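Working notes for the structure below.
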Amino acid sequence: MFQRILIPTDGSTVARKAVKAGIALAKDVGATVIAYYAVESIERLYYAEGRSARPVSIKALQERLNEQGEQFLAEIKKTADDAGVTGETVMTRTAETYQGIIDAAKKRKCDVIFMATHGRGRLASLLLGSVTQKVLTQSKIPVLV
């Protein structure tokens with residue numbers, strides 16, 4: 001069935017539930033887990049909204065996001081190890097989180113992307129833009145939500 005499962009996270013409570021479920025699935029089917037975290041570009045966020053910031057401030061924020069991502073990925077790796085599931089971690093810097101997820105799944109030759117949704121209503125997802133919705137509509141790799 002599935003041999004390589006990509007499990008993206010944003011560190012939220014909902015994502016942590018998906019991590020546990022994804023690792024349980026991997027254990028049941030004998031799959032490998034690839035934990036993924038997308039580090040959003042601070043520069044893009046600031047400059048897209050017409051804000052300005054000192055390069056030192058942006059660098060410090062970017063480093064903090066990297067540290068946070070490493071922490072989230074370490075939690076997933078430990079959970080997988082504790083369950084006896086083989087896994088690896090991947091963190092990339094990306095302009096669009098959904099594209100980072102799809103690219104990581106392709107690059108790591110994953111059979112499925114296993115992710116959570118925050119459960120906003122349809123209108124909120126349309127207005128706010130759902131990463132999960134974008135992955136569902138853009139990925140050629142199956143997605144379990």
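The single condition among (1) in a helix (DSSP H, G or I); (2) at pLDDT 95 or above; (3) touching a helix residue (DSSP H, G or I) at 6+ places or on another chain (Cβ under 9 Å) that K77 does not satisfy is (3).
The residue that is modelled with the lowest pLDDT, among those in the range 80-107 that are closer than 17 Å to K20 by Cα and buried (at least 17 other Cβ atoms within 10 Å of the Cβ), is G87.
Taken over the range 1-14, residues that are open to solvent by 10 Å² or more (accessible area, probe 1.4 Å) and hydrophobic (A, V, I, L, M, F, W, C) amount to 3.
Of all residues in the range 27-64, those that are open to solvent by 40 Å² or more (accessible area, probe 1.4 Å), modelled with pLDDT of 85 or more and on the phi < 0 side of the Ramachandran plot total 5. Only one entry in E88, E75, E96 is of a type in the set (D, E, K, R) and under 15 Å from I42 (Cα atoms), namely E96. Return the residue satisfying two criteria in turn: it lies in the range 109-139 and is open to solvent by 60 Å² or more (accessible area, probe 1.4 Å) and in contact with a Lys or Arg (Cβ under 7 Å, 6 or more places away or on another chain), and of such residues it is modelled with the lowest pLDDT. Applying the filter and picking the extreme gives L128.
The values are calculated or read from the model by the stated rules, or taken from the named source; none is laboratory data. Everything numeric in this text was worked out from a predicted model, so none of it was measured. So basically every Cβ, Gly included, is an ideal-geometry build from the backbone, and we count neighbours across all protein chains shown. Side chains included, ligands, DNA and RNA excluded: accessible areas come from the protein's heavy atoms. Shrake-Rupley method; radii C 1.70, N 1.55, O 1.52, S 1.80 Å.
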